[in-house]
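Notes follow the structure.
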Amino acid sequence: MQRKTKIIESIDGEIFDIELSEDLLKKNKEIAKENKKLLEKHNILAIDIMGAIGAGKTTLITKIVSILSKKYKIAVLCGDLTTTLDADIIKSAGAEVIQINTGKECHLDANLVRKAIKELPLNKIDLLIIENVGNLICPGEFVLGTHKRMVVVSVTEGPFMVVKHPYIFMEANIGVINKIELKDVMGVEPKKLQSAMKKIKPGIKVFETSARKNIGVELLATFISKLLK
Amino acid sequence: MHEFTIAKEIVMHLNEFKKRQDKLTIIGLNIELGEFTFANEEQIKFWLKELLKNTNKTNLKINIKRIKPVVYCNKCGYSGNIKFSADPVYHFLLPDLRCKKCNSKKIDLIKGRECNLKSVKVKKIPRKKKGLL
């Protein structure tokens, strides 16, 4: 005769923990991985450019595009809550541009980027630049599937921009201190901003630029072109 | 604002859990938040309470555990914690993102970016009350 199998189970009213281990940002990370895979399949280098509103991201991108578009095919995704102002400016420099309007979201996410990538002629692109929404907090959390992340600050944001927003620099591979032609007027020492960035992220590569006056942009563009090889 | 997104995601997982486990009632949550995660503990709790206020889960005990950073050094193979320095400019201990052993900058962060719904604390519903939340 077969003996009845004993069953141990929770009793009525018993309290216990059940493991879920759900990554709450998993969906974004998964889509970002897919984006990266798709870009790599087409041999595209992608850079996510983050920074506050008015840091000079758009002007800097326009200048980078002007320099690099002589040799490489470039596409730019512009993230903003609304308008196509940035996209219109960058387009004139010779890049394929798509505007992503987030509506009310303070950052781009991997899903929005995936949608935009689908609209691009990927087999005709070498470099994808993504201009994130102007914000120094939320974009850091949401990876997009890019190979490098750049943070742009400007001297007009004051001498404490880096120390006040340390976390975004932990995410960055490249730091840019822009508008250096205004350093004396603003009483800001770019070297101090640079050492603050390096203290937070020891491996960060930092450039001092003035996108408007074409200072240091060539160096930055050369650095990016070396990544493309 | 992404604390709201995180809270919404948690509520979605709770609803899915409830569909799978109708004999259990959720009485608490254990969340893991890495120290390098861009999310504020208080705001997550606030949004969770807001999202759950018209349900029977208003007394949910929310426990958030902070996860310390752990790195892997691509140069010497060290895996472990990092150093922090007390710089008065920052109102927190500033992490030193270099290998503690060989000082290399080529490190990968393997812990410290968590944003997980680790587990739920549940209570088995007495048989006569089964079917109710």
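Checking B:Val70, B:Val89 one by one, the residue that is farther than 30 Å from A:Glu14 by Cα and away from chain A (no Cβ under 12 Å) is B:Val70 and no other.
Checking the conditions here, which among A:Lys57, A:Lys29 is closer than 30 Å to A:Met161 by Cα, open to solvent by less than 70 Å² (accessible area, probe 1.4 Å) and either touching a residue at least 40 places away in the same chain (Cβ under 8 Å) or within 14 Å of another protein chain (Cβ to nearest Cβ) (or both)? Give the derivation first.
Values: A:Lys29 fails: open to solvent by less than 70 Å² (accessible area, probe 1.4 Å).
Checking each option against the conditions leaves just A:Lys57.
Return yes when B:Leu109 is at the interface with chain A (Cβ under 10 Å from one of its Cβ atoms) and either closer than 24 Å to A:Cys138 by Cα or at pLDDT below 95 (or both) and no when it is not.
On the way: at the interface with chain A (Cβ under 10 Å from one of its Cβ atoms): yes; either closer than 24 Å to A:Cys138 by Cα or at pLDDT below 95 (or both): yes.
So B:Leu109 passes the test.
Within the bounds of the stretch B:31-43, is there any residue that is part of a helix (DSSP H, G or I) and more than 13 Å from chain A (Cβ to nearest Cβ)? Checked the stretch B:31-43: at least one residue is part of a helix (DSSP H, G or I) and more than 13 Å from chain A (Cβ to nearest Cβ).
Among the residues that make up the stretch B:65-85, is at least one of them modelled with pLDDT of 85 or more and in contact with a helix residue (DSSP H, G or I) (Cβ under 7 Å, 6 or more places away or on another chain)? No, the stretch B:65-85 contains no residue that is modelled with pLDDT of 85 or more and in contact with a helix residue (DSSP H, G or I) (Cβ under 7 Å, 6 or more places away or on another chain).
Please work out which residue is surrounded by the most Cβ atoms within 10 Å (Cβ to Cβ), limiting yourself to the stretch B:12-30 and to residues that are assigned to a helix (DSSP H, G or I), touching a residue at least 40 places away in the same chain (Cβ under 8 Å) and more than 14 Å from the chain's Cα centre (by Cα). Spell out how you get there, then give the answer.
Initially, the stretch B:12-30 is screened for residues assigned to a helix (DSSP H, G or I), giving B:12-20.
Now restrict to residues that are touching a residue at least 40 places away in the same chain (Cβ under 8 Å): B:13-14, B:17-18.
Right, trim to more than 14 Å from the chain's Cα centre (by Cα) and you get B:14, B:17-18.
Numbers: B:Leu14: 21, B:Phe17: 18, B:Lys18: 16.
Per the stated criteria, the residue is B:Leu14.
Only a single item in (1) part of a helix (DSSP H, G or I); (2) facing chain A (nearest Cβ under 9 Å); (3) open to solvent by 10 Å² or more (accessible area, probe 1.4 Å) is not met by B:Lys49, and it is number (2). Please state which of the following conditions A:Ile67 fails to meet, knowing it meets all the rest: (1) more than 19 Å from A:Ile44 (Cα to Cα); (2) in contact with an Asp or Glu (Cβ under 9 Å, 6 or more places away or on another chain). Exception for A:Ile67: condition (1). For beta carbons closer than 8 Å, sequence separation of 6+ or different chains, a first residue in the stretch B:52-68 that is in a loop (DSSP other than H, G, I, E, B) and a second that is of a type in the set (Lys, Arg), the qualifying pairs are B:Thr58/B:Lys49; B:Lys68/B:Lys111.
Considering each residue of the stretch B:16-31 in turn, none proves to be under 29 Å from A:Val133 (Cα atoms) and touching an Asp or Glu at 6+ places or on another chain (Cβ under 7 Å).
Yes or no: A:Val133 under 28 Å from A:Ser225 (Cβ atoms), within 14 Å of chain B (Cβ to nearest Cβ) and either crowded, with 23+ Cβ neighbours inside 10 Å or among the hydrophobic types (A, V, I, L, M, F, W, C) (or both)? Yes, satisfied.
With respect to B:Lys101, determine if the residue is touching a Phe, Trp or Tyr at 6+ places or on another chain (Cβ under 6 Å), closer than 30 Å to A:Lys198 by Cβ and more than 11 Å from chain A (Cβ to nearest Cβ).
For B:Lys101, the condition - touching a Phe, Trp or Tyr at 6+ places or on another chain (Cβ under 6 Å), closer than 30 Å to A:Lys198 by Cβ and more than 11 Å from chain A (Cβ to nearest Cβ) - is met.
Counting only helices (runs of 4 or more DSSP H) wholly contained in the stretch A:180-229, the ones carrying 3 or more residues that are open to solvent by less than 80 Å² (accessible area, probe 1.4 Å), in contact (Cβ under 8 Å) with a residue 60 or more places away in the chain and out of contact with any Gly (no Cβ under 6 Å at 6 or more places or on another chain) occupy A:217-228.
Taking the options A:Leu20, A:Leu81, name whichever one is of a type outside the set (Ser, Thr, Tyr), at pLDDT below 85 and touching a Ser or Thr at 6+ places or on another chain (Cβ under 6 Å). Let's see the steps before the verdict.
Values: A:Leu20 fails: at pLDDT below 85.
One residue alone meets the criteria, A:Leu81.
The values are calculated or read from the model by the stated rules, or taken from the named source; none is laboratory data. Keep in mind it's a predicted model, so treat the numbers as computed, not measured. Virtual Cβ from ideal backbone geometry, glycine too; neighbours counted across all protein chains shown. Each accessible area value is taken on the protein alone, full model and side chains, heavy atoms only, with ligands, DNA and RNA left out. Shrake-Rupley method; radii C 1.70, N 1.55, O 1.52, S 1.80 Å.
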